[in-house]
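Beneath this line is the structure, given in structure tokens, with notes to follow.
The values are calculated or read from the model by the stated rules, or taken from the named source; none is laboratory data. Small disclaimer: the values here were computed from a predicted structure and weren't measured. Here the Cβ positions follow ideal geometry from the backbone for every residue, glycine too, while neighbour counts run over all protein chains shown. Heavy atoms of the whole protein, side chains included, go into the accessibility calculation; ligands, DNA and RNA do not. Shrake-Rupley method; radii C 1.70, N 1.55, O 1.52, S 1.80 Å.
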Amino acid sequence: MSKYILALDQGTSSSRSIVFDAGGRIVAMAQREFRQIYPQPGWVEHDPKEIWATQLATAQEALAKANLKASDIASIGITNQRETTVVWNRRTGEPVYNAIVWQDRRAEPTCAALRARGLEETFQRKTGLILDAYFSGTKLKWILDNVEGARAAALAGELAFGTIDSWLMWQLTGGAVHATDVSNASRTLMLNVHTNGWDDELLKILDVPVEVLPAVWPSSHAYGHTRADWLGASLPIGGVAGDQQSALFGQACFQAGLAKNTYGTGCFMLMHTGSQFQSSANGLITTSAAQPTGTPEFAFEGSVFIGGAVVQWLRDGLQAIKGSGEVQQLAQSVPDSGGVMFVPAFTGLGAPYWKPEARGAIVGLTRGSTVAHIARAALESIAFQSAALLQAMSRDAVANGGAPVAELRVDGGACVNDLLMQFQADLLGIPVVRPQVIETTALGAAYLAGLSCGIYRSLDELSAQWQVERRFLPTLSRERAGELMQRWEHAVAQATL
């Protein structure tokens, strides 16, 4: 039996493919960036065909780097940027419009109108989500309402909607499979997470015809087979999960109370809450966790819209650094931020604030402030936002009869920054734990695919594979950490005038 798994990791700024062996170790990796399209302020788009082209190219490249043939791969797992929305023609496979990215805010007027109608509680009760332009259902509605002929074609059954996982599966299978998994479907504002089925009432409210929707399956499932010519043989697709639920799975957070934070373009913190649906009183959303079987499982989630992207802004916007790797050295050239606070609300603030009108602010500047202080404040902003999330999460956990989060498992590109991870532990007052494999988003997809094809027999087997690379322990007094968090909240208030 083949013992390798190919994980396709389709992210916000790049497409990657990683070959894992059965031990969860990386054998080979390939990555390609693609264009970010900004048609007007608050709008963010991707070219779906460019996403597909870069994803296929990296899959082929990763196999070549690993010196493996397609026949050596037991299964393919897919993980993806979640709420990004694609609508395409079923006959031609051509997108009717660019992909509308999860960061895009154009659907906010739709959300405001739905909130004004008193519908927020209906959506929250059925989907676990709040009414925000972040999620895909209102993006889909925008395409149907604004692309000429789209609504008529949708009603005639000629169009297909999907998040990026669905788009990739459609392409990989030559149009044979139009499906998604429950974790991606739970981010659409259209799935009833209690039943794992599309909800007729919500579809009617959003004016979305059921004809455009994909089939919904568990995250570990035999979805279908790829066309043989793409990779050299027809391969099974056995695992699919949205990137953050996939990372939770890859971090072996299978039980209630275990939490992880992914430091990517944004920051995404999830805590597994088990099989019981729980509502947050602290600005978090309830989302479906990656589900190996048909049994619903849930997690609390908080999303920071601008995490590592603040470093990209230092590079491209402020031109303070030439490459993202320089930021730690620049930040460490000063002992602290010198009183500077940076609130990177470039596209509003996500959880636990949910302030779409907020905009970026740098406060506390003096004549002595330097670009190094701003760089340090930018890095620290990632930790401040994540600390606000974890505090909200622990309050919800206690209110629902659980315990506060005892440790935070971390992954994503920025978790390699030791300065940031230490500051995160200092703010939180609990250990921050970095695993040996930080590519946990791709690893989660590989684990789900491996479960469906029999490489792995149980979740216990996967838990035993998870290993710690470094544990960051808090060194700051709780009093000092509290003062810093108060200063952060004051800065947030200034960014939301």
Quick check on packing: order 419-427, 88-96 by the mean number of other C-beta atoms within 10 Å, highest mean leading.
419-427, 88-96
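Could you tell me the convex hull volume per residue, in Å³, taken over the Cα atoms of the chain?
Details: hull volume 66.2 nm³, N = 497.
Cα-based convex hull of the chain, divided per residue, equals 133 Å³.
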If you average the alpha carbon positions of segment 190-223 and of segment 391-462, how far apart do those two centres end up, in angstrom?
28
Contact order normalised by length for the chain, with contacts defined as Cα pairs under 8 Å and 6 or more residues apart; what percent is it?
15
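What does the extension gain come out to for S275 and K3, with contour length at 0.36 nm per residue minus their alpha carbon separation?
So the chain would gain 94.8 nm between S275 and K3.
Before rounding to the nearest 500, sum -39500 (n - 2.57) across all DSSP H runs of length at least 4 in the chain and divide by the residue total; then give [θ] at 222 nm in deg cm²/dmol.
Dividing the helical sum by the residues of the chain leaves -10500 deg cm²/dmol.
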Long-range amide H contacts for V96: which residues qualify at under 5 Å (H placed 1.01 Å from N, peptide plane, sequence gap of 5 or more or a different chain)?
V87, W88, N89
Give me the Å³ per residue figure for the convex hull around the C-alpha atoms of segment 276-365.
162
Give the Cα extents of segment 367-444 along the principal axes, in whole Å, largest first.
49, 31, 17
The chain, accessible surface, carbon-and-sulfur percent (1.4 angstrom probe)
51
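Once you list every other residue whose beta carbon is under 13 Å from the beta carbon of Q81, what net charge do they have if Lys and Arg are +1 and Asp and Glu are -1?
Numbers: positive: R16, R82, K139, R187; negative: D9, E45, E83, D104, D165, D243.
Neighbour charge sum, excluding Q81 itself: -2.
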Average the reciprocal distances over every distinct pair of alpha-carbons in segment 1-114, invert the result, and give the Kirkwood radius in Å.
15.7
Around D243, with a cut-off of 15 angstrom between Cβ atoms, what is the net charge of the other residues, counting Lys and Arg +1 and Asp and Glu -1?
-3
Mind giving me the FRET efficiency for A464 and D145? R0 is 60 Å, r the Cβ-Cβ distance, nearest 0.05 is fine.
0.75
What list of ³J(HN,Hα) couplings, whole Hz, do you get for segment 69-83 from phi and the Karplus terms 6.51, -1.76, 1.60, once you set θ to phi - 60° and write x for glycine and proline?
9, 4, 5, 7, 8, 7, 6, 10, x, 10, 10, 7, 4, 7, 7
One checks the Cα atoms of segment 396-497 and finds Rg and Dmax, in Å, of 17.7, 55
Name the residue farthest towards the positive end of the dipole of segment 117-267 from the options T262, A150, N192, assuming +1 on Cβ of Lys and Arg, -1 on Cβ of Asp and Glu, about the Cα centre.
T262
Suppose the chain between T370 and H490 were pulled fully straight at 0.36 nm per residue; how much longer would it get relative to their current alpha carbon spacing?
41.0 nm
Segment 1-121 - charge dipole about Cα centre, Lys and Arg +1 at Cβ, Asp and Glu -1, debye rounded to 20:
220
Loop only by DSSP, 11 or fewer other Cβ within 10 Å of the Cβ. Give me the trypsin sites (Lys or Arg not before Pro) in segment 433-497 that pass, ordered by residue number.
R457
Three principal axis lengths of segment 357-411 [C-alpha, angstrom, descending]
49, 27, 18
Can you tell me the dipole magnitude for segment 173-262 around its Cα centre, using point charges on the Cβ only (Lys, Arg +1; Asp, Glu -1), in Debye to the nearest 20?
320
Find how much the distance from L318 to T475 grows on full extension, using 0.36 nm per residue of separation minus their present alpha carbon separation; answer in nm with one decimal.
53.3 nm
Mean shadow of segment 337-473, computed from the convex hull of its alpha carbons, in nm²?
10.7
Formal net charge of residues neighbouring L144 (Cβ-Cβ distance under 13 Å; K, R +1; D, E -1)
-2
Using the Kirkwood radius built from alpha carbon pairs, what does the Stokes-Einstein equation give as D for segment 316-394 at 25 °C and 0.890 mPa s, in µm² per second?
182
Mind checking the alpha-carbon convex hull of segment 75-222 and giving the volume per residue in Å³?
100
Out of L202, Q251, G224, whose Cα points farthest toward the positive end of the dipole of segment 116-267 (charges: +1 Lys, Arg; -1 Asp, Glu; placed on Cβ)?
Q251
